[in-house]
1. State all residues of the range 233-291 that are in contact (Cβ under 8 Å) with a residue 60 or more places away in the chain, farther than 21 Å from Pro39 by Cα and assigned to a helix (DSSP H, G or I); if no residue qualifies, say none.
2. Which condition number in (1) touching a Leu at 6+ places or on another chain (Cβ under 6 Å); (2) modelled with pLDDT of 95 or more; (3) among the β-branched types (Val, Ile, Thr) is the one that Val47 fails?
3. Just give me the residues in the range 158-176 being at pLDDT 85 or above, closer than 18 Å to Ala236 by Cβ and in a loop (DSSP other than H, G, I, E, B), in sequence order.
4. How do the pairs read when you match residues in the range 122-148 that are within 21 Å of Glu160 (Cβ to Cβ) with residues anywhere that are of a type in the set (Lys, Arg), using Cβ under 9 Å and keeping only pairs 6 or more apart or on different chains?
5. Is it the case that some residue within the range 177-186 is at pLDDT 90 or above and either crowded, with 17+ Cβ neighbours inside 10 Å or within 26 Å of Leu53 (Cα to Cα) (or both)?
6. Just to be sure before I move on: is Cys94 crowded, with 21+ Cβ neighbours inside 10 Å and without any contact (Cβ under 8 Å) to a residue 24 or more places away in the chain in the structure I sent?
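The values are calculated or read from the model by the stated rules, or taken from the named source; none is laboratory data. Note that this is a predicted model, so its numbers are computed, not measured. Cβ atoms come from the backbone with ideal geometry, glycine included; neighbour counts cover every protein chain shown.
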Amino acid sequence: MGRWAMSDGEDTMAGTDDAVADDALMVLTAMLLTPARFPSVLGDDYVAACEALALEPYEEGYGLVLGQDGEGARWTVVVEDASQVAVAIAAWDCGMEHDLSPDERSMVCALPGWPMDLAVSAPGVPDPHDPETDGEGPAPLAPPDAEAWGPAQRRLGADEIAAQWSVWREQIDDARFPRPGSGAAPKNDTERAPESDPPVSPRHPGVRRALSEADGYTKAPPPPGRIRSSYASADARTLRVDGPGWSMVARTDDIALFLLDEEPGTVIPVGRGAELPGLLTALEELAVHPT
């Protein structure tokens, strides 16, 4: 992995030739691995995500650069310069071109495989595949099975809800779970999302357990990254909270949505009631915020 090629963050590569040296890394995308922002597929919190990659959970965090070598093999390169990776991601998110070419001195390690599926690949090289390791070193990273349900899939589902809150919120019955400012009386209740069946008790034991554990975080703070906060509006934040077997997505001015390991593919809403607003406020005060 001696050389870096550069990507503009789009579906095609920028600044690369058709012929690629076997030791070159064609950068396809990048992710942050920090207490405030990390691939949830790797774990419930920042410490667990680092452990999944055999990394020390330094407060400064890392950057993860995903690409292919000249033979098409998938690699995840861990770099110390998280700030450089953050700048590149911000530029790509804005639709801007930005060359990401970390200094080799910043490289911590190169891990075979990718932790997530990518819809892009490098031109001029074979199709993406795991590198040949001759049985030595770590097993190649691989995305979770899309047909299965477990902790990784549950966390990825919560990530999707957080990224598309308004889409998911529209599927929740406004009469039962009033929107902020609607004037309707809120209810402290839970139910499956409208598209799910069969119906379950409005007091799902898994949700009660998750709420209890989330409340416990306010008394004994969990590892960094268990509670994350991101911008939602001028007056509200989106919270992502995880625990053993559960994930919560909530807006501080609205309801909460839960996913449970024991309920495959099911989204369970929780109304604001008398207690949820205070819990969300307390969790927001503990949350890690992106810098």
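1. Leu276, Leu279, Ala282, listed by residue number.
2. Result: Val47 passes all but (1).
3. The answer is Gln164, Glu170, Ile172.
4. Listed by first residue and then by second, the contacts come to Leu141/Arg74.
5. no
6. Details: crowded, with 21+ Cβ neighbours inside 10 Å: no; without any contact (Cβ under 8 Å) to a residue 24 or more places away in the chain: yes.
Answer is no for this residue.
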